[in-house]
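Heads up: the structure comes next, in C-alpha cells.
Nothing in this text is a laboratory measurement; each read-out follows from the coordinates by a stated rule. What you see is a predicted model; the values in this text were computed from it and never measured. Neighbour counts run over all protein chains shown; Cβ positions are idealised from the backbone, glycine included.
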Amino acid sequence: MLPLKNARFLKALRREAVDRTPVWIMRQAGRYLSEYQAIRSQAGNFLNLCKTPELACAATLLPIKKFQLDAAIIFSDILIIPDAMGQGLSFVADEGPKFSKVIAGAADVTNLKEITPLEDLAYLDEAIRLVVKELDRAVPLIGFTGSPWTLATYMVEGQTSKQFNKIRGLMYKEPQTMHKLLAHLAQQITATLQMQINAGVDVVMLFDTWGGILADPSYLEFSLNYMHTVVTNLRKFNKDIPIILFTKNGGRCISDIAATGCNAIGLDWAADLAAARALVGDKVALQGNLDPCVLYAEPKVITAAVRQVLDSYGHGSGHIFNLGHGIPADVDPKNLEVVLDAVRRFSPSYHDQTQMVQV
Ligand code: 1CP
C-alpha cells in the first residue's frame, strides 16, 4: 500500500516522533453539521445512510474536507452488527435505536445468527473501498465496531438505557448466558473488523460506551475480557494494525486495558491524562480527552481548555487529541474550528522539532 501523505495519527499511535499532536473528533460527521443533515435527508433516514455506500462515503469525507482532520472514520454505526444478526433495528426519531427482538435468556442466545460480513454487511465493505479510493492516502481511515459488552446492552435492553437493569440482572441471574452471548459477539466483531481491514482501513477502534457502568471486577470479566479476545484474534492475522480501545468511564482500569495488547486507549473527559500516561508508560498511546461540552463556551475558554489537555499529556509523542466522547449535535461547528486551531497552534511546542524528518 502507498505511504500516507499525512501519517501523524499512525505515528502517534506507534509513539513515534511527530511535528504536532494529531487530532480527529468522535462523531466528526454527525448532526452538528448542516451538510450532514442534507446527506441524511437524501438517504431518507439514518440506517439507509449507513447502508448506501456512496452517501456513507460522502458523510465520511465531509469533515475531512471541511476541517482537514488527521484521520477519517468510516461513517457507520455500532448497531449494524446486531441489525445484521436479525435483531430488527430501527431508529425512532428523538428516541434513538430500538430492537424488535431482545435477548431475555439462554434460548435467545442459542438462536442467534452468525453473520457473514461480506454478505450481510456488503454495504460497509463497499463504503470503505469507496472512501479508500477517494482519500487516495491523504489521511488514515479508522474502521470500528462496538465492544461485545456495549452491543449486548442494546440487544438485552432493546434500546438505549439509563439504568441497564435488564442486562445487569441477566449478568447476575444467568452469567453463563451472558458469557455465551459475549463470546458470540466477540466472534462477529472480529469477523467484521477483519472485513474492514481487508477493505483497507488503517486503524481499528472498539467503542465500549457502556463498559463503565460496571463495577471493576464485572468490567474485567464481562467487558474487557471480550475486547481482549477481539484484540488477540485480530493480532493473529494482522500483526501491525493499530487497535484503539475506548471505554467511557474506564479510567479506573487503564493498566488492565493497556495489558490487552491494544496500541492506544481512548479516554473520556473524567480521566486524568497525566496520571494515565504515568500508569501506561511507553506501553500504549493515549487518545482524548477534552470535555465535549467545552464546545458550548467562548473561544478563549475553549482555547484554554485545549491547552490544558495538551499540557496534561505533556511533552513527547503518543498523544492523539480528541474529545472525551462524541461532539454534541447542537454545538456550533465554528467552535470546533477553535479547538482544531488551538491544537495546531500550541501542540508543536510539545514535540521535539529537531527529531522530525518529515510527516
Ligand atoms: O442522524 C442521526 O440522527 C443519527 C445520529 C447518529 C450518527 C451520526 C447515530 C445514531 N450514529 C451515528 C454515527 C456513528 N455512530 C459513528 C460515525 C462515525 C463518526 O463520525 O464518528 C460512530 C463511530 C458511531 C458509534 C456509536 N453508535 C456508538 C459508540 C460511540 C458513542 O458515541 O458512544 C454508540 C453507542 C452508537 C449507538 C447509537 N447510534 C445512534 C444513536 C442515537 C445511538 C444511541 C446512543 C445512546 O444509546 O445514547
- Item | Cα-based helix-to-principal-axis angle, 34-43 vs the chain, degrees rounded to 10 | 30 degrees
- Query: Kirkwood hydrodynamic radius of the stretch 192-308 from all distinct Cα pairs, in Å?
  - Reply: 15.2 Å
- Under a Cβ-Cβ cut-off of 12 Å, what is the net charge of the residues other than residue 249 that fall near it, where Lys and Arg count +1 and Asp and Glu count -1? -1
- For residue 113, counting only lysines whose alpha-carbon sits under 20 Å away and dropping same-chain residues fewer than eight positions off, the answer is 51, 98, 101, 180
- Around residue 26 (Cβ within 12 Å, Cβ-to-Cβ, excluding residue 26; K/R +1, D/E -1) the net charge comes to +1
- Item | Within straight-line cross-link reach of residue 11, lysines at Cα separation under 29 Å, skipping those fewer than 8 residues along the same chain | 65, 66, 133, 236, 239, 248, 283, 334
- Message: Run the numbers for residue 5 and residue 334: contour at 0.36 nm per residue of separation, minus the present Cα-Cα distance, in nm.
- Response: 115.8 nm
- Task: Lys and Arg at +1, Asp and Glu at -1: add these up for the other residues within a Cβ distance under 13 Å of residue 208 and post the number.
- Result: -1
- Query: Once amide H atoms are built 1.01 Å from N in the peptide plane, which residues 5 or more positions from residue 289, or in another chain, come under 5 Å H to H?
  - Reply: 322
- Message: Let me spell out the model: positive unit charges on the Cβ of Lys and Arg, negative unit charges on the Cβ of Asp and Glu, origin at the Cα centre of the chain. What dipole size does that give, in debye rounded to 20?
- Response: 340 debye
- Round to the nearest 0.05 the FRET efficiency obtained for residue 113 and residue 278 when R0 = 56 Å and r is the Cβ-Cβ distance. 0.80
- Sorting 208, 341 on the 10 Å Cβ count, fewest up front, what's the list? 341, 208
- Item | In nm, spacing of pseudo-spin labels at residue 41 and residue 66 (7 Å Cα→C-beta vector) | 1.5 nm
- Taking 0.36 nm per intervening residue step and subtracting the Cα-Cα distance, what contour gain separates residue 297 from residue 183 on full extension? 36.7 nm
- With the dipole of the stretch 46-117 defined by +1 on each Lys or Arg Cβ and -1 on each Asp or Glu Cβ, the option from 82, 100, 50 whose Cα lies farthest towards the positive pole is 50
- Item | Nitroxide proxy distance, nm - points 7 Å out along Cα→Cβ at residue 237 and residue 315 | 4.4 nm
- Order of 269, 149 - criterion: other Cβ atoms within 10 Å of each residue's Cβ, fewest first: 269, 149
- Note on the structure: Contour minus Cα-Cα span, residue 304 to residue 346, at 0.36 nm per residue, comes to 14.1 nm
- Item | For 296, 154, order by how many other beta-carbon atoms lie within 10 Å, fewest first | 296, 154
- Task: Please say if the stretch 31-173 is rounded, prolate or oblate, where rounded means a/c under 1.5 for a ≥ b ≥ c the square roots of the C-alpha gyration tensor eigenvalues, and otherwise the choice is prolate for a/b larger than b/c and oblate otherwise?
- Result: prolate
- Using only C-alpha positions, report the orientation-averaged shadow area of the convex hull of the chain, nm², one decimal. 16.5 nm²
